[in-house]
Structure formats: structure tokens, C-alpha cells
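Below is one structure, written out as C-alpha cells, with a few remarks after it.
Just so it is clear, none of the values below were taken in a lab; they were calculated from the coordinates. Because the structure is a prediction, the values reported are computed rather than measured. Cβ coordinates were reconstructed from backbone atoms using ideal geometry, including for glycine residues, and neighbour counts include every protein chain displayed.
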């Protein structure tokens, strides 16, 4: 069973809802982290929840030609995205992403994003078992992907 981000994400370009599901987490030798997720598109059920998968909605639409259906189904097939901590710096107090100035220097107090993740204390993460804590961190990571516009 896939670990899925709990809130539907509105695609501002299409109006469809996106379901974000964890695929894998890669931890490199230098402890940079890369999370891979799957995006699946859904219609709105009328209450802000997931309705039909968009692919199914397209196939069921009698007003669309077979050629258009094929093109649209291809456009809205599940997609994979990755987000990495590599190269990202955060403000040490607010944990907001910071960018370098024109000379390539980051603001005073900026820290590498992976350092933040590596220094989360176990007591700060919901869950009793290690597996529950890992799931909590993965969900938090997916939320950060959404907030920071990395999907």
C-alpha cells in the first residue's frame, strides 16, 4: 500500500486534483536526500476530495474523439517527480529556502537542507515505532515538496 499525502493538491492549471504518493527515498553517501513521488490526477468529487481518475473520466467522455482521448490520457497519466536536498539552503531560524546573492553567497545563518533533516530528533517525530516515524517524516517531506513548489 502506497504512502499518500493526506490532502488533495489542486493543479492550478487544469483544476484537477493531484494525489501525491511516496515511491522511494534515496540517501546518497554524502547524506543528501532525494525523494521520488508519483502524481496521479483526479476529478473533484464535489466536496474537494478525489473523484474519478482523470484518465477514466477522459475515456468515459463521449464528446471527445479517440485521437483527443489518446492525447489527453497521455497528458494525464501518472507521472514521477523527484526532489532533492542537494544544493538547497534554508534560513537557520525560519527554515525557509534562501537563495544566494549575485556573488553566490548565502545569507548569514543559512544551513544545508539535508542538515535540517539529519538533525530531527526522534522525540519530535510522531509515532512509537521506527516505521511510524519514517512514515511521518516522509509525509512531512511530501508537504515540503508541495510548499516549496518542487512538484
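Gain on full extension, evaluated as 0.36 nm per residue between residue 12 and residue 82 minus their Cα-Cα distance, stands at 23.2 nm. The protection proxy used here, the mean number of other Cβ atoms lying within 10 Å of each residue, ranks peptides 94-100, 36-42, 51-57 as follows, highest first: 36-42, 51-57, 94-100. Using R0 = 30 Å, the C-beta based FRET efficiency linking residue 69 and residue 45 works out to 0.85. When a/c reaches 1.5 or more, the comparison of a/b and b/c decides; with that in mind, is the chain rounded, prolate or oblate per its Cα gyration tensor? Prolate, because a/c is 1.5 or more and a/b exceeds b/c.
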